[in-house]
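Step one of this worksheet: look at the structure below.
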Amino acid sequence: MIGQTAIANYLKFSGHKSIDLKVALIDCDGILYDSMKNHTRAWVKLMKKNGIKCTRDEFYLYEGMTGAGIIKLMFKKGVGKNITDDEAWELYKVKGRYLKELGEIPVMPGALEMLTKLKEAGIERVLVTGSREPSVLERIDNDFPELFSEKRVTAHDTRHGKPNPEPYLKGMAKAEAKPNQCIVIENAPLGVQAGHTAGCFTIGITTGPISEKELTKAGADIVFKSMEDFVAALPELIADFKETTR
Ligand code: MG
């Protein structure tokens, strides 16, 4: 019941007759890890060192863009300077060092349970992240053992960051699934937009300061207030998807 209206709206909008759920395409930052607080702190430090005024909040809105994309945008906006991709990726390494200095990033409470429930329901779990942050990517197999498919999409596989649908389209292609066989699990507006544009039923979870309204506006089919809320609702939501294939 929990997803009935959202599913009906998705089917109407997408033109699909059912959601034949086989694959969950799962974002990393703000979903698997409570990492956005540290990311935004590291971003602000990098910008201030380069004489660019900014607030932490704006980096929550840019989440999902490539690191170089964010840096180029901020330099243009902040000091009117066009910088090259190479310069931007060099600066991204500095941001990575600041991030490391802030200490170990905690696993998102409930993320392990979410993955376990998806696995028990026979749904393949595919990581889709725009990140190329090695300190986070290397941890996934240790923190979530045997919970992820070997198929994964990172910044190394994609040319465009979110909100371009490319990361989710690549995830879908790797899993050999169609849009109505996938759900996208996201926390950021640009990520939600990417999942929605890729044609998947997109679940937004607010795990930071971004409001539920922002995720709905970005195209989320359903929004949960926290990871714990989503985990609690997941069995019922999966049952609702099954109803559409009967
Ligand atoms: Mg995220």
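The values are calculated or read from the model by the stated rules, or taken from the named source; none is laboratory data. Model, not experiment: these values are computed from the prediction. Every residue, glycine as well, gets a Cβ built from its backbone with ideal geometry; the counts of neighbours run over all protein chains shown. Note: accessible area is taken over every heavy atom of the protein model, side chains too, but ligands, DNA and RNA are not part of it. Shrake-Rupley method; radii C 1.70, N 1.55, O 1.52, S 1.80 Å.
Each row is one residue, and each column tells you yes or no for (1) within 14 Å of the ligand (Cβ to nearest atom); (2) small (G, A, S).
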position	(1), (2)
A121	no, yes
R125	no, no
N142	no, no
V153	yes, no
H160	no, no
A177	no, yes
I185	yes, no
H196	no, no
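Comparison of D27, D20, D57 shows that the only residue that is over 16 Å from G195 (Cβ atoms), within 16 Å of the ligand (Cβ to nearest atom) and touching a residue at least 40 places away in the same chain (Cβ under 8 Å) is D57. So which pairs qualify, if the first residue must be in segment 131-148 and at pLDDT 90 or above and surrounded by 12 or more Cβ atoms within 10 Å (Cβ to Cβ), the second must be of a type in the set (V, I, T) and not in a loop (DSSP other than H, G, I, E, B), the Cβ gap must be under 6 Å, and the two must be at least 6 apart or on different chains? Pairs found: D143/V107.
Of all residues in segment 41-67, none satisfies the criterion of being open to solvent by 80 Å² or more (accessible area, probe 1.4 Å), out of contact with any helix residue (DSSP H, G or I) (no Cβ under 8 Å at 6 or more places or on another chain) and within 17 Å of S131 (Cβ to Cβ). Total residues in segment 229-246 satisfying the condition of being surrounded by 15 or more Cβ atoms within 10 Å (Cβ to Cβ) and of a type in the set (S, T, Y): the figure is 1. Looking across segment 30-51 at every residue that is of a type outside the set (S, T, N, Q) and more than 29 Å from G204 (Cβ to Cβ), the one that is farthest from the ligand (Cβ to nearest atom) is identified as G51.
Of all residues in segment 198-215, those satisfying the criterion of being more than 10 Å from the ligand (Cβ to nearest atom) and either within 24 Å of D20 (Cβ to Cβ) or part of a strand (DSSP E or B) (or both) are A198, G199, C200, F201, T202, I203, G204. Residue pairs whose Cβ atoms lie under 6 Å apart, separated by 6 or more positions or on different chains, with the first residue in segment 68-84 and touching a residue at least 24 places away in the same chain (Cβ under 8 Å) and the second open to solvent by 70 Å² or more (accessible area, probe 1.4 Å) and of a type outside the set (A, V, I, L, M, F, W, C), are A68/D85; F75/K81. Scanning segment 69-107 for residues that are over 19 Å from K37 (Cα atoms) and either open to solvent by less than 60 Å² (accessible area, probe 1.4 Å) or touching a Lys or Arg at 6+ places or on another chain (Cβ under 7 Å) (or both) gives G69, F75, G78, G80, N82, I83, A88, L91.
Listed here are the residues, each with its yes/no results for (1) modelled with pLDDT of 95 or more; (2) touching a Pro at 6+ places or on another chain (Cβ under 9 Å).
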position	(1), (2)
L61	no, yes
G69	no, no
M74	yes, no
N82	yes, no
D86	yes, no
V107	yes, no
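Residue check: is G171 open to solvent by less than 10 Å² (accessible area, probe 1.4 Å) and closer than 19 Å to Y10 by Cβ? For G171, the condition - open to solvent by less than 10 Å² (accessible area, probe 1.4 Å) and closer than 19 Å to Y10 by Cβ - is met.
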